[in-house]
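Peer 1: The structure is given below, and queries will be raised subsequently.
Here, each number is a calculation from the coordinates, and none is a lab measurement. Since we're looking at a predicted model, the values are computed, not measured. We place every Cβ from the backbone using ideal geometry, glycine too, and count neighbours over all the protein chains shown.
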4 protein chains.
Amino acid sequence: MNSDIDPSGAVARWWATAVSHMEPGVVEIRGRPVQELIGEIDLVSMIWLMLRGDLPTGPKAALLQAALVAGVDHGPQAPSIAIARMAATCGIGLNGAVASGVNALGDAHGGAGQQCVELLDEVLALEAAGADLEEAVGQAIAAGPRYVPGFGHRFHPIDPRRDPLITLAEKAVTEGVVAGEHLRAGKAIEEHLRRTRSRPVPMNIDGATAIIYAELGFPAPLARGLFVLSRSIGILAHAWEESRQGTRNKGPIPRAILPARLDQ
Amino acid sequence: MNSDIDPSGAVARWWATAVSHMEPGVVEIRGRPVQELIGEIDLVSMIWLMLRGDLPTGPKAALLQAALVAGVDHGPQAPSIAIARMAATCGIGLNGAVASGVNALGDAHGGAGQQCVELLDEVLALEAAGADLEEAVGQAIAAGPRYVPGFGHRFHPIDPRRDPLITLAEKAVTEGVVAGEHLRAGKAIEEHLRRTRSRPVPMNIDGATAIIYAELGFPAPLARGLFVLSRSIGILAHAWEESRQGTRNKGPIPRAILPARLDQ
Amino acid sequence: MNSDIDPSGAVARWWATAVSHMEPGVVEIRGRPVQELIGEIDLVSMIWLMLRGDLPTGPKAALLQAALVAGVDHGPQAPSIAIARMAATCGIGLNGAVASGVNALGDAHGGAGQQCVELLDEVLALEAAGADLEEAVGQAIAAGPRYVPGFGHRFHPIDPRRDPLITLAEKAVTEGVVAGEHLRAGKAIEEHLRRTRSRPVPMNIDGATAIIYAELGFPAPLARGLFVLSRSIGILAHAWEESRQGTRNKGPIPRAILPARLDQ
Amino acid sequence: MNSDIDPSGAVARWWATAVSHMEPGVVEIRGRPVQELIGEIDLVSMIWLMLRGDLPTGPKAALLQAALVAGVDHGPQAPSIAIARMAATCGIGLNGAVASGVNALGDAHGGAGQQCVELLDEVLALEAAGADLEEAVGQAIAAGPRYVPGFGHRFHPIDPRRDPLITLAEKAVTEGVVAGEHLRAGKAIEEHLRRTRSRPVPMNIDGATAIIYAELGFPAPLARGLFVLSRSIGILAHAWEESRQGTRNKGPIPRAILPARLDQ
């Protein structure tokens, strides 16, 4: 139907995609008619299908699901959540409030998962190049920033999400679902930090989920992408709760408290 | 721990929430320790729990899941998808690309689901006030805008996502999972449009999912909110695909085509 | 150069614009070569040219400039400012931080200027239809929401930006720069609120600038648009200051204060 | 007034700022009552005051103004502009449309100005450390990415904005307004690229404005920040034009053209 106004196909190709295909009466997702997916496929498998083009095995989908559930929310002290709650009082719709929160999941917030996968990959690459694991960890951490991505938490001495996620990852290794290399690297980093830092630097949600995403074969940027999907649920729930409380133009602190002056 | 710097509790109350609770070593979601949810609860039930505070029955979760799967993607002709793909070439991270796409799910895009639930509610309210269903539909449509939210599609004479969703909703009514009132109203609107409009105005994805969300008891704004979660998956998948193709600063059309001039 | 891949011109027309024109070696703004504007035109006249297609007289540009200067900032209690400051600590670049703040200038925040112009237009329309001004104001306010857009402030009993702006508008009327109809309507609303409300409802920044934008002939949606440009300056300055203070993932309140629990 | 609920002042200090101060009846910008600025100060000087805390001399303000005017628009082939136009058709308000466009001014789009200032600084640092200018340029470029930030344009063999900006910068050096070091470095990079690249790599808008911003003493991240303010004007003008054309949910290409399929 494009032949008259796009005879060379150059315009259609400018927007070419393997993710989905649409024509009148047809919607295909990764080559599958959408009507064969609706009611047939669970949401986590749909996420996997969209990002990778194939369907996960049941145990892999279950592991991905656990990581997605774990990252959903951490309360209004997270800037993504506070931003969405304030935005929801400004008259911009839940889409705008969620977008405002998601936008804040940058390198220093939701981006830690991506950086943690890169760190795990680096540790494994150094090991593959001949270093022993302990050396590889030391080198990779020394080459990075002071904040080791995926480790340390300003609120939790121990992050309560770490143990259930790592236990599930260990079980998946035992059962042959995943190979366990990134898990091994992540635990070595954790041990290294325990030995070398004076304050506790526990594996946090970004670290534990990064291990799972990497074990499942997701490349580093998708650790951030998957966290975005997971945290969007929390962002939406908080924006929704706030929008029903009737505050307009909610500021960050009660109105009676005025920000202090800094010197010019 | 707040007593020294927030003795009255006013600052803590400014950010009070029932959605989650966090203190050192503790993360609770709707009053439940997060470690009891990880690996135990599926992602769709987590969405329900976050938004409503309780857990869905299995059949309700399944119905919600079908609607969430159905809305995931409709290709790059949807502005939300095209925006995310272009943003992904501008160097802003997947979080920024997803936020840019989600932000566009406004009143004329993802907002149709919200408006459709309001329309269904209005039809049922008019009926409850004594109108017969046919009159109620006519009145409710006449009072609204030319675009009937949830109906009509610029690409599809028949939306392939309608039948499987409506079939699942009908089955849920038969099995007593949901009451069927919003489904009845939605089908009456569809029939009314078939009789009164010269061009086909099929029930679209916003209409079919609005019926399901309303049957499950979600208020109108959450029809938009749930669509945001669903479409975020498609937005992420497209942003990710685009980001790997290496284009920088992708414009909307091939570079050789320059936008035409409009008169001043 | 488009003839091969866009022979009908349909693709070029899809993006047709009168705002600017670009071809190799050429950038035209509203039909004027950009090199004739650089160094020749002031920034406020450029804003006018872009939005309207012609250049303002000097006195009109001066009046527009005063309104744009007035709206620049109101400190971190404004959600747009607080959001941008928090976003700036999340690793998303100043563009992302500014976008996050601007996004929050919705119907309940920056949108009040747009609504105020609509209210002023409504008052004048009722008057033109035969009501006297006092009646017109009463009717227009009664038909609207409890918050009269452009009037009332949660912090200021008297908004210090009102007097200098209204004085400049009055001077512009006296000198024949603008007609003064919207100013007359705005002052009548102010007087009406003074007589009928028990608490002070002073004309605020949105009201005073709405009068000026309307006097200059900008349609209502551009009252919001111009406020967006003005407030962007404040948003940028705050995001920049915050980004240099070294906080990562800044939450809305000091870390020692944990949000209170609401009942489920 | 904060003593009851913030006795230690910790909450007020959490939001401390030197940019502005607000208390009932008072708005101060950089320590100056806002009513002393309205009608007294031009918009460009307000931008400078907000970002730096002092007022510019007239010639410095004029140079800054020229750079801000130059970057306003480059038409819908720029993703920021196309995104804003599409967003404006989705029902999200001009604030949402502008935010969507601004968000895309990331590392690969509006971020080039920031990177160019960093490159200029690096050239001057290498020179200060003993290299001659030609060596310093070669080293700095070799150390960076293939795209030299601030140079090269996919549309223009010669960017028409370069000459007027560089002429103004040269005049400012001659008149002692700025020192001319960054201008010298920028021209040396331009000359180096002319000699060493086979295809033209002209100084572009990001390069020419980066030179000016750096000469005026703005640090690198503010080259991006100032471009955000400048381009926001173009983004708003395009969003406004699009919003009046009545398209709903505008896709990137005419509806008759369907995106091509890529292989899975």
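Peer 1: Once you've got the Cα coordinates, tell me which of C:Lys60/C:Lys171; C:Lys60/D:Lys171; D:Lys60/D:Lys171; A:Lys250/C:Lys250; A:Lys60/B:Lys60; C:Lys60/D:Lys60 are over 20 Å apart.
Peer 2: C:Lys60/D:Lys171; A:Lys60/B:Lys60; C:Lys60/D:Lys60
Peer 1: Label-to-label distances across copies for C:Arg32, with labels 7 Å out along Cα→Cβ, in nm, shortest first?
Peer 2: So the label point of C:Arg32 gives 2.7, 5.8, 6.4 nm to the other copies.
Peer 1: Now a separate question. Counting only helical runs of four or more DSSP H residues, what would the 222 nm mean residue ellipticity of chain B come to if each run contributes -39,500 (n - 2.57) and the total is spread over all its residues?
Peer 2: Numbers: 11 runs with 139 residues, N = 264.
About -16500 deg cm²/dmol.
Peer 1: Continuing with this model, one more query. Quote the Stokes-Einstein diffusion coefficient, in whole µm² s⁻¹, for the protein assembly as shown, based on the Kirkwood radius over alpha carbon pairs, a temperature of 10 °C and a viscosity of 1.306 mPa s. Write out the running numbers ahead of the final one.
Peer 2: Numbers: Rh = 29.8 Å.
Calculated translational D: 53 µm²/s.
Peer 1: Which value results when the Cα radius of gyration for region D:32-188 is divided by 2.2 N^0.38 Å?
Peer 2: Working it through for region D:32-188, the quotient is 1.24.
Peer 1: While we're on this one: Mean separation of Cα pairs under 8 Å and 6+ residues apart, divided by the residue count of chain C: what relative contact order is that in percent? Walk me through the intermediate numbers first.
Peer 2: Numbers: 317 pairs, mean separation 70.2, N = 264.
That works out to 27 percent.
Peer 1: Count, for each residue of B:215-227, the Cβ atoms from other chains sitting within 10 Å of its Cβ, then give me the mean as a whole number.
Peer 2: 3
Peer 1: Let me ask something else. Across the residues of C:61-67, average count of Cβ atoms on other protein chains within 10 Å?
Peer 2: 3
Peer 1: Here is a further query. Size of region B:1-116 along its principal axes in angstrom, Cα-based, largest extent first?
Peer 2: 54, 39, 30
Peer 1: Please give me, ordered by residue number, the GluC sites (Glu not before Pro) of region D:131-218 that lie in loop per DSSP and have at most 13 other Cβ atoms within 10 Å.
Peer 2: Listed in order of number, the matching sites are D:Glu175.
Peer 1: Still on this structure, please answer the following. Would you pull out the residues with amide H under 5 Å of B:Val27's amide H, same chain only if 5 or more places away, H placed 1.01 Å from N?
Peer 2: Here B:Val34 satisfy the definition.
Peer 1: Okay, next question. For C:46-56, what's the mean count of beta carbons from other chains sitting within 10 Å of each residue's beta carbon?
Peer 2: Details: counts 10, 7, 0, 4, 10, 5, 3, 4, 1, 0, 0.
Other-chain Cβ atoms within 10 Å of each residue's Cβ, averaged: 4.
Peer 1: When the convex hull of the C-alpha atoms of region B:95-184 is computed, what volume per residue in Å³ does it have?
Peer 2: 144
Peer 1: Report the net charge of residues surrounding D:Ala70, where surrounding means a beta-carbon distance below 14 angstrom and charges are Lys +1, Arg +1, Asp -1, Glu -1.
Peer 2: In short, -4.
Peer 1: Hey, another quick one. Just need the Rg to Rh number for region A:52-107, please, alpha carbons only, Kirkwood Rh.
Peer 2: Rounded to two decimals, Rg/Rh equals 1.15.
Peer 1: Within region C:208-260, report the trypsin sites (Lys or Arg not before Pro) that DSSP leaves as loop and that have at most 16 other Cβ atoms within 10 Å.
Peer 2: C:Arg244, C:Arg248, C:Arg255
Peer 1: Would you kindly compute the Cα radius of gyration of chain D and its largest Cα-Cα separation (Dmax), both in Å?
Peer 2: Taking only Cα atoms of chain D, I get Rg and Dmax of 21.9, 70 Å.
Peer 1: Can you tally the net charge around B:Gly110? Count Lys and Arg as +1, Asp and Glu as -1, for every other residue whose Cβ sits under 12 Å from the Cβ of B:Gly110.
Peer 2: Combined, the nearby Lys, Arg, Asp and Glu give 0.
Peer 1: Between the alpha-carbon centers of region B:189-264 and region C:87-156, tell me the distance in whole angstrom.
Peer 2: Going from one Cα centre to the other spans 29 Å.
Peer 1: With just the Cα atoms of region C:1-53, tell me how far they stretch along each of the three principal axes, in Å, largest first.
Peer 2: 40, 22, 10
Peer 1: Sort D:Leu55, D:Leu68 so the one with the fewest other Cβ atoms within 10 Å of its own Cβ comes first.
Peer 2: Ascending Cβ contact count within 10 Å gives the list D:Leu55, D:Leu68.
Peer 1: Among D:Val19, C:Val98, D:Val178, rank each residue by its count of other Cβ atoms within 10 Å, from fewest to most, as a rough exposure measure. The partial results should precede the final answer.
Peer 2: On the way: D:Val19 27, C:Val98 32, D:Val178 20.
Ranking D:Val19, C:Val98, D:Val178 by Cβ neighbours within 10 Å, fewest first, gives D:Val178, D:Val19, C:Val98.
Peer 1: Please identify every one of the chymotrypsin sites (Phe, Trp or Tyr not before Pro) in region D:73-165 that sits in a loop by DSSP and has no more than 14 other beta carbons within 10 Å of its own beta carbon.
Peer 2: Working: sites: D:Tyr147, D:Phe151, D:Phe155; in loops: D:Tyr147, D:Phe155.
Passing sites in region D:73-165 are D:Tyr147.
Peer 1: Restricting to Cα atoms and excluding each atom paired with itself, what does the Kirkwood estimate give for region C:158-251 in Å?
Peer 2: 15.4
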